[in-house]
Amino acid sequence: MRNSEEKKNNQWLGISALLLALVIWEIAAIVIVRNSFILPSPPDVFIAFVGLLEKGRLLLDFEVSMVHFVIGLGAALLVGIPVGIAMGWSHRFDAFLDPLIELLRPIPPLAWIPFVIIWFGLTAYSAGFVIFIGAIFPIIINTYSGFRGVPRIFVETGRMLGCTKSRDLIRHVAFPAALPSIAAGIRIATGVGWMCLVAAELFGVSNNGLGMALWFYYDLHQMDCVVVYMLLLGIIGLAFDMIFRYYMDRYFLRWQTGEVA
């Protein structure tokens, strides 16, 4: 009961911070700046949002960006988790793949854009590849760290209880123990991938999308529409993070808080 009340109080604190930021924004726009091109006010942004919603442009750009994001993050999960598991479980895989990963990891995802456009053209796969490059390394590194951090006594206990094969040890012992680290990697990768999506669309990898629309309205000097897309990007990113944390804490990491029933 006490934890529930504390959680509600914390939620109200977050809402209060948002309301305070909105008030400061309104005062800065109306009293200090007094130039809608430099800083549109909240009412101007709301009117622009309604207009974009009526035109159907927001939904189209959202759908296109979601396709890009699902392609990139999905591919990063399908490749990154198995690679991280292999490196964390096997010293040979680690020695084999580590130099390649450490060579590619410092290269910024946007540096791939010239080749991406040549390879895939202005398609969803181009933006997806940029997201893939940005998201895969946090997944690999955190999965690797999680498996390396599994206590040896867990593995030995699993063998004593009948998990004699590596496949069974990974599935029933190492993966559950490493899940908090894997979840952290996925959470980081989601944020990085979302930022890469916007940057890829800004650089013309796609003909549509939230990032492309943001730049389009900047060229038209419609800064109220630019702010609409900025806020939409932030809200969607926040929604992704909240939904991910909710399902991970509720269905996969309940044991961390003692809620096992």
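General observations
- Just so you know, in the stretch 204-221 the residues that are surrounded by 18 or more Cβ atoms within 10 Å (Cβ to Cβ) and in contact (Cβ under 8 Å) with a residue 40 or more places away in the chain include one that is farthest from Gly84 (Cα to Cα), and it is Ala213.
- Candidate set: the stretch 65-91, residues that are part of a helix (DSSP H, G or I) and at pLDDT below 90; chosen: the one surrounded by the most Cβ atoms within 10 Å (Cβ to Cβ): Gly88
- Residue list for the stretch 184-201, restricted to those being surrounded by fewer than 20 Cβ atoms within 10 Å (Cβ to Cβ) and farther than 18 Å from Ile235 by Cβ: Ala184, Ile188, Ala199
- Residue satisfying condition, being out of contact with any strand residue (DSSP E or B) (no Cβ under 8 Å at 6 or more places or on another chain) and more than 26 Å from Phe96 (Cα to Cα), within set Ile170, Ile153, Ile139: Ile153
- Among the conditions (1) within 21 Å of Gly237 (Cα to Cα); (2) buried (at least 23 other Cβ atoms within 10 Å of the Cβ); (3) under 15 Å from the mean Cα position of the chain (by Cα), Ile140 misses just one, which is (1).
- Tally of residues being among the aromatic types (Phe, Trp, Tyr) and at pLDDT 85 or above across the stretch 26-46: 1
- Residue match in the stretch 97-116 (condition: in contact (Cβ under 8 Å) with a residue 60 or more places away in the chain and outside any helix (DSSP H, G or I)): no
- Annotation note: Cβ proximity below 7 Å between a residue of the stretch 27-45 that is outside the structural domain of Met223 (by TED's automatic domain parsing) and farther than 24 Å from Leu58 by Cα and a residue that is surrounded by 12 or more Cβ atoms within 10 Å (Cβ to Cβ) and not hydrophobic (A, V, I, L, M, F, W, C) (sequence gap 6+ or interchain) occurs for Ala29/Pro40; Ala29/Ser41; Ile30/Ser41.
- Which numbered condition Gly121 fails, given (1) surrounded by fewer than 21 Cβ atoms within 10 Å (Cβ to Cβ); (2) closer than 23 Å to Leu100 by Cβ; (3) of a type outside the set (A, V, I, L, M, F, W, C): (2)
- Residue match in the stretch 134-148 (condition: more than 26 Å from Asp61 (Cβ to Cβ), modelled with pLDDT under 90, in the same structural domain as Asp94 (by TED's automatic domain parsing) and not aromatic (Phe, Trp, Tyr)): yes
- Tally of residues being in contact (Cβ under 8 Å) with a residue 60 or more places away in the chain and either of a type in the set (S, T, N, Q) or crowded, with 20+ Cβ neighbours inside 10 Å (or both) across the stretch 173-182: 3
- Val130 of a type outside the set (Phe, Trp, Tyr) and touching a Pro at 6+ places or on another chain (Cβ under 7 Å): yes
- Verdict on Ile107 being surrounded by 12 or more Cβ atoms within 10 Å (Cβ to Cβ) and out of contact with any Asp or Glu (no Cβ under 7 Å at 6 or more places or on another chain): no
The values are calculated or read from the model by the stated rules, or taken from the named source; none is laboratory data. Everything quoted here is computed from the prediction, not taken from an experiment. So basically every Cβ, Gly included, is an ideal-geometry build from the backbone, and we count neighbours across all protein chains shown.
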